[in-house]
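Trainee: Provided herewith is a single structure, encoded as structure tokens, for subsequent inquiry.
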Amino acid sequence: MVDLLGQYQKIRPEVDAALQRVIESTLFIGGPEVKALEAEMAAYLGVKHVIGCANGTDALQIAMMALDLKPGDEVITASFTFVATVEVVALLGITPVFADVLPGTFNLDPADIERKITPRTKAIVPVHLFGQTADMEVIMAIAAKHKLYVIEDNAQAIGGDYIFSDGTRKKSGTIGHIASTSFFPSKNLGCYGDGGALFTNDDALAKRLRRVCNHGSDVRYYHEVVGVNSRLDAMQAAILRIKLRHLDEYAAARNTAAAYYDEAFAGMAHISVPERSPNSTHVFHQYTLKVTGGHRDALKKHLEANGVPAMIYYPVPCHLQNAYKSDRCPEGSLPVTEQLTHEVLSLPMSTELDEEQLKHISTAVKGYFKDR
Ligand SMILES: *Cc1c(COP(=O)(O)O)cnc(C)c1O
């Protein structure tokens, strides 16, 4: 699905030198590389604070701890997402409340968010799925009206722009009260291990986020609140500093591949290419088709038989997972989400796809439908 080796080979001298530099510094945790990454990323995003942590799941948990969300509180989020978003809510004893998504962009449906608000609701967690930013302008207005926090799960849309109705743009992950991201290797900005970060424009929140990451402590051996140990290490930061400089070019390469796919599949009866939101650029963390007519699973098998990997993100929505089932959100209650789990199919997407590979993949897709 991705080509991390091909990508490494293009930046190898820089990466190897950076790793050598970190090893010789013996500053493996925190230190100047992490500080520099945080500053460079803040400048790139146009956000006041970037705080490194151990992974994207921790980032979400730390955000909720810093906002002092407590058992009994409710957090509204998507069921059509990677489980991490929901897992940390449940781990903290908070109640996840699922809202449906829009059938075109797969992002949270603001109207359904509003329907799910109760007196216990404390926060909304929009997940910017597959590379497009959810409709933040509308979500922030709903949050302001009901005095809720917004935590953007930006693990899949880093580098993308949100476009406001007046045409102004802000980077994805810089609009909510806090945003989280992941540097898992296959993410758009991936390191060579685990990593994550938090973004905020709020000085007081930034302080609380750093404190939670660091055992609830501002001054070593003095603990103000219950915290966790969640650190970005210096080798990952050094790699991320290099890859951050290529992030826009990586997004452009992904868009070139997406445009090739779009053209190849235009007009096909059972295939819908990814809908582009008018409020967001797309950084194509995934290129996800909707395959109708009950053909999705057979198409996936056909592709695999032709040497083309294809993945279903996500086959079972969170509200139907054994770990998260509840009477409050039974089967049938999120119709768009449930239908999408039967139709979505993600094709290979990376910064390194060449025309020959794209041709092979799209020919295989068309080959399946030839006599149907
Ligand atoms: C990858 C991902 C996460 C979790 O990130 P990790 O670094 O793997 O912990 C959370 N949310 C979404 C939407 C993701 O895609």
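The values are calculated or read from the model by the stated rules, or taken from the named source; none is laboratory data. All values derive from a computational prediction rather than experimental measurement. Positions of Cβ are generated from backbone atoms using ideal geometry, with glycine treated the same way; all protein chains shown enter the neighbour counts. Remember, those area values only see protein heavy atoms, side chains included, never the ligands or the DNA or RNA. Shrake-Rupley method; radii C 1.70, N 1.55, O 1.52, S 1.80 Å.
Trainee: For residue 49, what accessible area in Å² do you get when you roll a 1.4 Å probe over the heavy atoms of the protein chains, rounding to the nearest 10?
Mentor: Rounded to the nearest 10, the figure is 50 Å².
Trainee: Take each of the peptides 259-268, 105-114, average the number of other beta-carbon atoms within 10 Å over its residues, and list them starting from the highest.
Mentor: Going from most to least packed, we get 105-114, 259-268.
Trainee: Right, something else. From the helices alone, meaning DSSP H stretches of at least four residues, give me the mean residue ellipticity at 222 nm for the chain, per-run term -39500 (n - 2.57), in deg cm²/dmol to the nearest 500. Walk me through the intermediate numbers first.
Mentor: On the way: 12 runs with 149 residues, N = 372.
Result for the chain, helices only: -12500 deg cm²/dmol.
Trainee: State the extension gain, in nm to one decimal, for the chain segment bounded by residue 25 and residue 301, taking 0.36 nm per residue of separation less the distance between their alpha-carbons.
Mentor: So the chain would gain 94.4 nm between residue 25 and residue 301.
Trainee: Nearest 5 is fine: what % of DSSP beta bridges in segment 4-245 come out antiparallel, could you say?
Mentor: Numbers: 17 of 32 bridges.
Percent antiparallel among DSSP bridges in segment 4-245 is about 55.
Trainee: Count the net charge of all other residues whose Cβ sits under 11 Å from the Cβ of residue 328, scoring Lys and Arg as +1 and Asp and Glu as -1. Numbers along the way, then the final one.
Mentor: Details: positive: 116, 325; negative: 74, 327.
Summing Lys/Arg as +1 and Asp/Glu as -1 gives 0.
Trainee: Calculate what fraction, in whole %, of the accessible area of the chain sits on carbon and sulfur atoms when a 1.4 Å probe is rolled over the protein chains. Each step should come with its number before you reach the end.
Mentor: Details: 8720 of 16190 Å².
Carbon and sulfur together cover 54 percent of it.
Trainee: Which lysines have a Cα less than 16 Å from the Cα of residue 366, not counting those fewer than 8 places away in the same chain?
Mentor: In chain and number order, the partners are 290, 300, 301.
Trainee: Let me ask something else about it. Using a 1.4 Å probe on the protein heavy atoms only, what accessible surface does residue 57 show? Give it in Å² to the nearest 10.
Mentor: About 40 Å², ignoring ligands and nucleic acids.
Trainee: A follow-up question, please. Evaluate E = 1/(1 + (r/R0)^6) for residue 204 and residue 36, where r is the Cβ-Cβ distance and R0 equals 22 Å; express this FRET efficiency to the nearest 0.05. Show your work: numbers first, answer last.
Mentor: Values: r = 24 Å, r/R0 = 1.10.
FRET efficiency, residue 204 to residue 36: 0.35.
Trainee: Using only the heavy atoms of the protein chains and a 1.4 Å probe, how would 82, 98 rank by accessible area, largest first? Could you put the intermediate results ahead of the total?
Mentor: Details: 82 110, 98 15 Å².
Result of the area sort, largest leading: 82, 98.
Trainee: Follow-up. Could you pull the accessible area for residue 290 with a 1.4 Å probe, rounded to 10 Å²?
Mentor: Accessible area, nearest 10 Å²: 40 Å².
Trainee: Shifting gears a bit: Among 41, 1, what's the order by accessible area (1.4 angstrom probe), most exposed first? Let's see the in-between values first.
Mentor: Details: 41 0, 1 55 Å².
Descending accessible area places them as 1, 41.
Trainee: Here is a further query. Give the residue list of chymotrypsin sites (Phe, Trp or Tyr not before Pro) in segment 128-192 that are DSSP loop and have at most 15 other beta-carbon atoms within 10 angstrom.
Mentor: On the way: sites: 130, 149, 162, 164, 183, 192; in loops: 164, 183, 192.
Listed in order of number, the matching sites are 164.
Trainee: Calculate the translational D of the chain in whole µm² s⁻¹ from Stokes-Einstein, where the hydrodynamic radius comes from the Kirkwood formula applied to all Cα pairs, the temperature is 20 °C and the viscosity 1.002 mPa s. Before the final figure, lay out each step's value.
Mentor: Working: Rh = 21.3 Å.
In µm²/s, the coefficient rounds to 101.
Trainee: Within segment 183-222, list the trypsin sites (Lys or Arg not before Pro) lying in a DSSP loop whose Cβ has at most 14 other Cβ atoms in a 10 Å radius. Present the calculation step by step, with values, prior to reporting the outcome.
Mentor: Values: sites: 187, 207, 208, 210, 211, 220; in loops: 187, 220.
Loop-located and lightly packed - 220.
Trainee: Please calculate how many Å² of accessible area segment 178-312 carries per residue, with a 1.4 Å probe and no DNA, RNA or ligand atoms counted. List each step's numbers first, then the result.
Mentor: Details: 5940 Å² over 135 residues.
Normalised by residue count, the accessible surface of segment 178-312 is 44 Å².
Trainee: Still on this structure, I have one more. Given a 1.4 Å probe and heavy atoms of the protein chains only, how would you sort 184, 369, 80, largest accessible area at the top? Write out the running numbers ahead of the final one.
Mentor: Values: 184 100, 369 25, 80 0 Å².
Ranked list, largest accessible area first: 184, 369, 80.
Trainee: Arrange the peptides 276-286, 222-232 so that the one whose residues have, on average, the most other Cβ atoms within 10 Å appears first. Present the calculation step by step, with values, prior to reporting the outcome.
Mentor: Numbers: 276-286: 20.9, 222-232: 15.5.
The peptides rank, most packed first, as 276-286, 222-232.
Trainee: Using only Cα atoms, locate the centre of segment 8-83 and the centre of segment 255-333, then give the distance between them in Å, rounded to an integer.
Mentor: For segment 8-83 versus segment 255-333, the Cα centre distance is 28 Å.
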